[in-house]
Amino acid sequence: MKTLLKRSLMAIALAIVAFLSTLEPAMAVAEPPFTIERRDGDFELRDYPGFVVAETRVEGGFDEASRAGFRRVANYIFGGNVGPDGKPIKIAMTAPVTVEPAGGDQWRLHFVMPDDVRSTGLPKPADPSVNLREVPRHRMAAVRFGGFTTEASIAEHTAKLRDWIAAQGLQPAGEPQIARYNDPFTLPWNRRNEIMIPVR
């Protein structure tokens, strides 16, 4: 009887979680704008205007570095900064959170800064390990996939994207970037991940 009750409660809990995961968030998280030049199933060729990123470099494995880098940059946008008047400024969260190899066992993690804050002047990071970088206009090839960003899934979709880039007659112009658009509580089948590679 207890086993049956536990199973029933578990089924109800899973049903509630599945239902809540389908609801739209009250406030959408902003993403950097881009123009789609070419679309082929899960693949896209995009043209991005210039933007500014808040970024940090972290050493270690992908998961460990992602968590540490996220905390640093999140701290910056949530008030770990010095504004023009000497006071901290809160900056809206954007998506995706992007991670890319930076040589050796280092990774570079960044958030794109919102246009409204850029126009009024970005505050200076209080943490010296966080910096602001201007990214000029660029083209990116991207492939979208769901589930978790495991080493196997990253390698699989990076290889697929490289093959697609070659088939399109394009040339890679930088390292692959792992872009994640969801919070950690999003169920795997609702997740949006991308591998993006700069191209020319």
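The values are calculated or read from the model by the stated rules, or taken from the named source; none is laboratory data. Every value quoted in this text rests on a predicted model; they were computed, and no experiment measured them. Note that each Cβ is placed from the backbone with ideal geometry, even for glycine, and that neighbours are counted across all protein chains shown.
Residue-wise test of (1) in contact with a strand residue (DSSP E or B) (Cβ under 7 Å, 6 or more places away or on another chain); (2) of a type in the set (A, V, I, L, M, F, W, C); (3) assigned to a loop (DSSP other than H, G, I, E, B).
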position: Leu109; (1), (2), (3): yes, yes, no
position: Glu134; (1), (2), (3): yes, no, no
position: Asp163; (1), (2), (3): no, no, no
position: Glu175; (1), (2), (3): yes, no, yes
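Looking only at strands (runs of 3 or more DSSP E) that fall completely inside region 1-66, which ones have 3 or more residues that are out of contact with any Pro (no Cβ under 9 Å at 6 or more places or on another chain) and modelled with pLDDT under 50? Can you show your working first?
Numbers: elements: 35-40, 43-48, 51-59.
Fully inside region 1-66 and qualifying: nothing.
Would you check if there is a residue in region 184-199 being surrounded by fewer than 14 Cβ atoms within 10 Å (Cβ to Cβ) and of a type in the set (D, E, K, R)?
The answer is no; no qualifying residue exists.
Restricting the search to region 70-107, which residues are closer than 19 Å to Val135 by Cα, part of a helix (DSSP H, G or I) and in contact (Cβ under 8 Å) with a residue 40 or more places away in the chain?
If the condition is that a residue be closer than 19 Å to Val135 by Cα, part of a helix (DSSP H, G or I) and in contact (Cβ under 8 Å) with a residue 40 or more places away in the chain, then Val73, Tyr76 are the ones that fit.
Considering only residues that are touching a helix residue (DSSP H, G or I) at 6+ places or on another chain (Cβ under 9 Å) and polar (S, T, N, Q), look in region 159-183 and name the one that is surrounded by the most Cβ atoms within 10 Å (Cβ to Cβ).
Here the answer is Asn182.
How about region 149-158: which of its residues are more than 15 Å from Glu100 (Cβ to Cβ) and surrounded by 12 or more Cβ atoms within 10 Å (Cβ to Cβ)?
Listed by number, the residues that qualify are Ser153, Glu156.
So, in region 126-147, how many residues would count as being surrounded by 13 or more Cβ atoms within 10 Å (Cβ to Cβ) and either out of contact with any Leu (no Cβ under 7 Å at 6 or more places or on another chain) or among the charged types (D, E, K, R) (or both)?
13
Contact list please: Cβ distance under 8 Å, first residue in region 121-133 and closer than 21 Å to Thr98 by Cα, second residue acidic (Asp, Glu), pairs at least six apart or on different chains.
The qualifying pairs are Val130/Glu55; Asn131/Glu55; Leu132/Glu55; Arg133/Glu55.
Any chance you could count how many residues in region 184-198 are part of a loop (DSSP other than H, G, I, E, B) and touching a Ser or Thr at 6+ places or on another chain (Cβ under 6 Å)?
1
Of all residues in region 136-149, count the ones that are in a loop (DSSP other than H, G, I, E, B) and within 11 Å of Ile178 (Cβ to Cβ).
1
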